[in-house]
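Peer 1: Dropping a structure here in structure tokens format, bear with me for questions.
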Amino acid sequence: MTALLMNASAPSDLTISCLTDDDCPMTETERDVRQYNDAPSRVVVLHGGPGGAGEVEPFARELGRRGHAVLEPFQTRQTVGGQVDELSAQIGRYCTTPVAVIGWSWGAWLGCLLAAQHEKLVRTLILVGCGPFEARYTSAIRTTKNSRLTNDERMELKALRPKDGDAADIARFLELSDVADTYARDTSPQPSVTFDGAIHAAVWPEADDMRQSGALLNAVSAIRCPVLAIHGDYDPRPSEGVQIPLQAALPSAQFVQLARCGHKPWQEIHAKDDFYRLVENAVA
């Protein structure tokens, strides 16, 4: 899980990250999940990617510290449907259902597909830093990101993007991405990350095709549980690309935009308190 691979024909607007095995011991003999606080879990926190896991670890850990029984699963399958099936099996094994599902970035889409296909597993769905649900909203993402980087940083990021890299290369890629994604970061340490490029290369084009064809929004319209979308006003992924299609497909969905907040609200100095308040109210 050390290769960094971006698909040139379908540039990903969803964050890439992955856990290193040394970062935190698993609570189970298998290494496909982590659990915080009590087991079985009642809250599930989904990583970005696809092909990644790790960046939501501080968020999942903090929810556990606040008394919630949290599952942090890692998806390994190389199709969208395979990841949904894998996630449903993990929830069935490690959780008391129905659960609250919190999906970040790619995990927000994965959470939508899970809730649409496995209605009895999900009691509430929270989308955090979700990618736009329609392709017409994606063109500004890279322009916004580039505007927040220096010329040297843009050149470095471009050089890192297509090549196979070691852990240091990938960490630098994520560091530069964070510069563009973050309004005002706190001082908490970043989790160690690696990346499975094979999973990303297989899953992301399929997911992007679902967005372009409308299949993703068709799935969203089938969701029957309460849905809350939380989005930072500084996130390069435009909030209207989430709010407008989401509420058209699912009028009951709630949308909250956080001020002075980027793609990862749990690390934002000005927004994280409001973010945790929203999340805890929704999962209670």
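The values are calculated or read from the model by the stated rules, or taken from the named source; none is laboratory data. These figures come from a predicted structure and were not determined experimentally. FYI the Cβ positions are ideal-geometry reconstructions off the backbone, even for glycines, and counts take in every protein chain you see. Quick note on the areas: whole protein, heavy atoms, side chains included, nothing else; ligands and nucleic acids left out. Shrake-Rupley method; radii C 1.70, N 1.55, O 1.52, S 1.80 Å.
Peer 1: So which residues in the stretch 268-284 are over 21 Å from Val220 (Cβ atoms) and either crowded, with 23+ Cβ neighbours inside 10 Å or modelled with pLDDT of 95 or more (or both), if there are any at all?
Peer 2: Glu268, Ile269, His270, Ala271, Lys272, Asp273, Asp274, Phe275, Tyr276, Arg277, Glu280, Asn281
Residues are listed down the side, and each one gets a yes or a no for (1) surrounded by fewer than 24 Cβ atoms within 10 Å (Cβ to Cβ); (2) in contact with a Pro (Cβ under 7 Å, 6 or more places away or on another chain); (3) not in a strand (DSSP E or B):
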{"position": "Arg77", "(1), (2), (3)": "yes, no, yes"}
{"position": "Leu87", "(1), (2), (3)": "no, yes, yes"}
{"position": "Gln90", "(1), (2), (3)": "yes, yes, yes"}
{"position": "Arg93", "(1), (2), (3)": "yes, no, yes"}
{"position": "Val101", "(1), (2), (3)": "no, no, no"}
{"position": "Gly111", "(1), (2), (3)": "no, no, yes"}
{"position": "Lys120", "(1), (2), (3)": "yes, yes, yes"}
{"position": "Arg123", "(1), (2), (3)": "yes, yes, no"}
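Peer 1: Answer yes or no: is there a residue in the stretch 184-196 that is at pLDDT 95 or above and in contact with a Lys or Arg (Cβ under 8 Å, 6 or more places away or on another chain).
Peer 2: yes
Peer 1: I would also like to ask the following. Report yes if Ser105 is of a type in the set (S, T, N, Q), modelled with pLDDT of 95 or more and under 16 Å from the mean Cα position of the chain (by Cα), otherwise no.
Peer 2: Yes: the conditions hold for Ser105.
Peer 1: Give the stretch 58-71 a look and list any residue that's open to solvent by less than 20 Å² (accessible area, probe 1.4 Å), closer than 24 Å to Asp196 by Cα and touching a Cys at 6+ places or on another chain (Cβ under 9 Å), or say none.
Peer 2: Once the filter is applied, which keeps residues that are open to solvent by less than 20 Å² (accessible area, probe 1.4 Å), closer than 24 Å to Asp196 by Cα and touching a Cys at 6+ places or on another chain (Cβ under 9 Å), the stretch 58-71 yields only Leu71.
Peer 1: Something else now. Identify, please: which residue in the stretch 175-221 is assigned to a helix (DSSP H, G or I) and among the β-branched types (Val, Ile, Thr) and is, among those, nearest to Ala249 (Cα to Cα)?
Peer 2: The extreme case among them is Val220.
Peer 1: Across the stretch 222-256, what is the total count of residues that are open to solvent by 10 Å² or more (accessible area, probe 1.4 Å) and either without any contact (Cβ under 8 Å) to a residue 24 or more places away in the chain or in a helix (DSSP H, G or I) (or both)?
Peer 2: Number of matching residues: 8.
Peer 1: Is it the case that some residue within the stretch 130-146 is open to solvent by 60 Å² or more (accessible area, probe 1.4 Å), modelled with pLDDT of 95 or more and not in a helix (DSSP H, G or I)?
Peer 2: Checked against the condition, which is being open to solvent by 60 Å² or more (accessible area, probe 1.4 Å), modelled with pLDDT of 95 or more and not in a helix (DSSP H, G or I), the stretch 130-146 yields no hits at all.
Peer 1: Could you list all residues from the stretch 13-38 that are more than 15 Å from Ser192 (Cβ to Cβ) and at pLDDT 90 or above?
Peer 2: Answer for the stretch 13-38, where residues must be more than 15 Å from Ser192 (Cβ to Cβ) and at pLDDT 90 or above: Val33, Gln35, Tyr36, Asn37.
One line per residue, one yes/no per condition, for (1) free of Cβ contacts under 8 Å to residues at least 40 places away in the same chain; (2) more than 20 Å from Leu217 (Cα to Cα); (3) in contact with a Phe, Trp or Tyr (Cβ under 9 Å, 6 or more places away or on another chain):
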{"residue": "Ala100", "(1), (2), (3)": "no, yes, no"}
{"residue": "Trp109", "(1), (2), (3)": "no, no, yes"}
{"residue": "Glu119", "(1), (2), (3)": "no, no, no"}
{"residue": "Pro132", "(1), (2), (3)": "no, no, no"}
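Peer 1: Among the residues of the stretch 31-55, write down those that are in contact with a strand residue (DSSP E or B) (Cβ under 7 Å, 6 or more places away or on another chain), of a type in the set (A, V, I, L, M) and surrounded by fewer than 24 Cβ atoms within 10 Å (Cβ to Cβ).
Peer 2: Matches in the stretch 31-55: Val33 only.
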